Amino acid sequence: MVSVQTDSLTKRFGDVVAVDDISLTVERGEIFGFLGPNGAGKSTTLNILLDFIRPTSGAAEVLGRDTQAESTAIRERIGVLPEGYGFEDRLTGREHVEWAVASKGVDDDPDAIIETVGLRGDEHRLAAGYSKGMQQRLAFGMALVGDPELLVLDEPSTGLDPNGMQSMRSTIRDRAENGTTVLFSSHILPEVEAICDRIGVMNEGELVAVDTIENLREEAGGHATIDLVCATPPDPADVKTVDGVADATVDGTTLTVRCTDPTVKVDVVRSVDRQVDVVDILSQNASLEELFNIYTGGGRDEAGTTGPAEEQ
Amino acid sequence: MSIRTVATRDLRNAGRSPALWGGAIGLGLLGVGLAFVNRGRSQSPTVAVESLFDVLTILLALLLPLAALVASYLAIAGERESGGIKFLLSVPNGRRDVFLGKLLSRLLIATVGVGFAYAPATSVSLSKYGAFPAAVVFGTLAVTLVYAAVFVVIGVSLSATVASRNSAIGRSLLAYFLLVLFYIFPVIQVSNVVRTVHTELLGMDANADLYNAVEFTSPYLAYQKTLNLVLPEGMENEFFSDSTEGGDTGDPGGSTVEGGGPGSGGESAGSTATSEPGEVATELPVYLTDEFALVILAFWLVVPLVLGYRSFAGADLE
């Protein structure tokens, strides 16, 4: 069964194409993540699915219903953690959850929700006075009300501390195991890597790749990266001559070597060790980060600045 | 159901706003203050109380639009700026539910506000004069509530057309200026402006009824004309006394009553007006009669709503 389906979805704001001809299908029970730099069109796509904004052309269906014509019916069956939300100035955390329960017409226990998202003890404070991380938890809690069939989470881990992220991920996984479809957006790679069944990489409004993480990694050529922290600044020239080395760059005393063949990493270490003292070794297989950079052409970093990240 | 949850959430939040209670208390003090200051002169207690409500409505004609706009201009624009709209539309609400829920809530707030002005005025008068002219009290109350509703509708509708607080403030102030103040200060008064454009720029002959009709489009005037339907004789607000200038009858009988523009009506309307009230009314074209004011109020209750909702329904809520 299909949870979300878009057909040539396009959204223009003036001259800017925010979402460019996206056709996508998300199956029921999947955890699907939109990955991409800021401004790639992830939120705009989710906002169209939620009928916060209207597509310029194309159409979308959520749970088999048209997003524009049947938005209210869709909202009865989904839970949303929107982007750019704001709480009422004078309502407490618990009152917000109570309101979500009443609005969805369900009989969830607000305290159970508050417990799930770890806000016990703070529920009677004004939500607008919460820290960003607590607000995010509360918003997540409101999304969970009514055990929705589909969770739409826009940058869910924003502002969360590692514990909060961990706990949110485990809640998401639990819900997914019970058949809930999860659709979310993120620019945080480990998050996507940790919980997604499938990802869609977005860049400049386009969906540039849709696949499972394993397949994407394979497609990226099985590159391996090795970071060598040296006692003194190393010279990358020597190591570049080693067979199987694609590239070597130096940042301070750290030498980063990209290998097309993961098995040559030992040769790399030997080669560098002859030249300078190696203090530490960090080795990783083709990461999503690299994939991300391949698909988004360097893209934008978290702060939204343009141009390729030089450290890579 | 959804309209109700939107409205109760809004009311719950608003009920904790010190500013809102400040405004309500201000209206209450206005009612108390007027009732205390009100002098019976040589009138009977009933007439004294009736004239109190006449004066109260003259003040409310100016103040209530401002209060109603302040109470409603952020209804939707504020939610869009703060992001509250995202939550409102993440649960099973349509945009219509949000729009109507907000409208309902702000109408209730405005109603309570008017109640805050009326309750003390009524009770102070009752204890001071022992008079309770129910027809005038409830009549003016009903018309005043409609007047408040008009500006809540305008405020919420304007709020639905913009995405930010600042634009909402700008449009509400503009609305207050165009719909109320524009009809008060003589120099920039709308009938004079229209007269100038019509005679000087277009070179047409003066047509008083045309200017009156244009002026009558203001809810500010419509309110005062509607009040004439419930105020006792002698307290009516007289407008359009120059109607015959360019009209067809040419009978000066009624037109000598008052030269005053809006706001100068009230108790002083005097004997000439009351001696021939029927004649004045028959001289006016239908579109300038007191009864027609109801049509104008109805227009202002419905048209902004439709336009505001349509704008909101089609907006991208980022």
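The values are calculated or read from the model by the stated rules, or taken from the named source; none is laboratory data. The model shown is predicted, which means the values in this text are computed figures rather than measured ones. Heads up, the Cβs are rebuilt from the backbone with ideal geometry, glycines too, and the neighbour counts pull from every protein chain shown. Side chains are part of the model used for accessible areas, which takes the heavy atoms of the whole protein and leaves out ligands, DNA and RNA. Shrake-Rupley method; radii C 1.70, N 1.55, O 1.52, S 1.80 Å.
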Subject >> Gained length - A:Thr260 relative to A:Val2, 0.36 nm times residue gap less alpha-carbon distance >> reply: 89.1 nm
Subject >> Alpha-carbon centroids, the range A:185-213 and the range A:126-163: separation in whole Å >> reply: 20 Å
Original post:
Of the peptides A:182-192, A:162-172, how do they stack up when ordered by the mean number of other Cβ atoms within 10 Å, highest first?
Top reply: A:182-192, A:162-172
Original post:
If you wrap a convex hull around the Cα atoms of the range A:126-169, how much volume per residue is inside, in Å³?
Top reply: 74 Å³
Subject >> Two-site FRET efficiency, B:Val214 against B:Leu62, from Cβ-Cβ distance with R₀ of 22 Å, rounded to 0.05 >> reply: 0.65
**OP:** With a/c under 1.5 counting as rounded, go ahead and sort the range A:130-284 into rounded, prolate or oblate using the C-alpha gyration tensor (a ≥ b ≥ c being the square roots of the eigenvalues; past the cut-off, prolate if a/b is larger than b/c, else oblate).
**Re:** prolate
**OP:** Arrange the peptides A:244-255, B:4-15, B:154-165, A:197-208 so that the one whose residues have, on average, the most other Cβ atoms within 10 Å appears first.
**Re:** B:154-165, A:197-208, B:4-15, A:244-255
Subject >> In nm, spacing of pseudo-spin labels at B:Ala142 and B:Ile25 (7 Å Cα→C-beta vector) >> reply: 3.4 nm
**OP:** Among the lysines, select those whose C-alpha is under 30 Å from the C-alpha of B:Lys128, and discard any that sit fewer than 8 residues away in the same chain.
**Re:** B:Lys225
Original post:
What FRET efficiency would be calculated for the residue pair A:Val250, A:Thr158, taking the C-beta separation as r and a Förster radius of 30 Å, to the nearest 0.05?
Top reply: 0.35
Subject >> Those aspartates and glutamates that a straight Cα-Cα span of less than 16 Å connects to A:Lys240, excepting residues fewer than 8 apart in one chain >> reply: A:Asp227, A:Asp251, A:Asp261, A:Asp267, A:Asp273
**OP:** Please work out, to two decimal places, the log10 of the ratio I(q)/I(0) at q = 0.08, 0.10, 0.11 Å⁻¹ from a Debye calculation in which every Cα of the protein assembly as shown carries one identical scatterer.
**Re:** -0.73, -0.94, -1.05
Original post:
Nearest 0.05, what FRET efficiency do A:Val16 and B:Arg310 give at R0 = 41 Å with Cβ-Cβ as r?
Top reply: 0.95
Original post:
Once you average over the residues of A:87-94, how many Cβ atoms of partner chains fall within 10 Å of each Cβ?
Top reply: 4
**OP:** Estimate for me the total accessible surface buried between chains B and A (protein heavy atoms, probe 1.4 Å, no ligands or nucleic acids), in Å² to the nearest 100.
**Re:** 2800 Å²
Subject >> Cα centroid of the range B:94-137 to Cα centroid of the range A:68-109, whole Å >> reply: 32 Å
Original post:
Sequence-distant or interchain residues sharing an amide H contact under 5 Å with A:Ile31, placed H: which?
Top reply: A:Val182, A:Asp197, A:Arg198
Original post:
What is the mean number of Cβ atoms from other protein chains located within 10 Å of the Cβ atom of each residue in peptide A:42-54, rounded to a whole number?
Top reply: 3
Original post:
Between A:Glu115 and B:Thr196, what is the spin-label point distance in nm, taking each point 7 Å from the Cα along the Cα→C-beta axis?
Top reply: 7.3 nm
Subject >> Surface accessible to a 1.4 Å probe, per residue, for the residues of the protein assembly as shown, Å² >> reply: 43 Å²
Original post:
Using only the Cα atoms, what convex hull volume per residue in Å³ does chain A have?
Top reply: 152 Å³
Subject >> Fraction of accessible area attributable to carbon and sulfur, chain A (%, probe 1.4 Å) >> reply: 44 percent
Subject >> Computed magnitude of the charge dipole of the protein assembly as shown (debye, nearest 20; Cβ of K, R +1, Cβ of D, E -1) >> reply: 1920 debye
Original post:
Reachable lysines from A:Lys11, Cα under 20 Å, same-chain residues fewer than 8 places away excluded?
Top reply: A:Lys42, B:Lys86
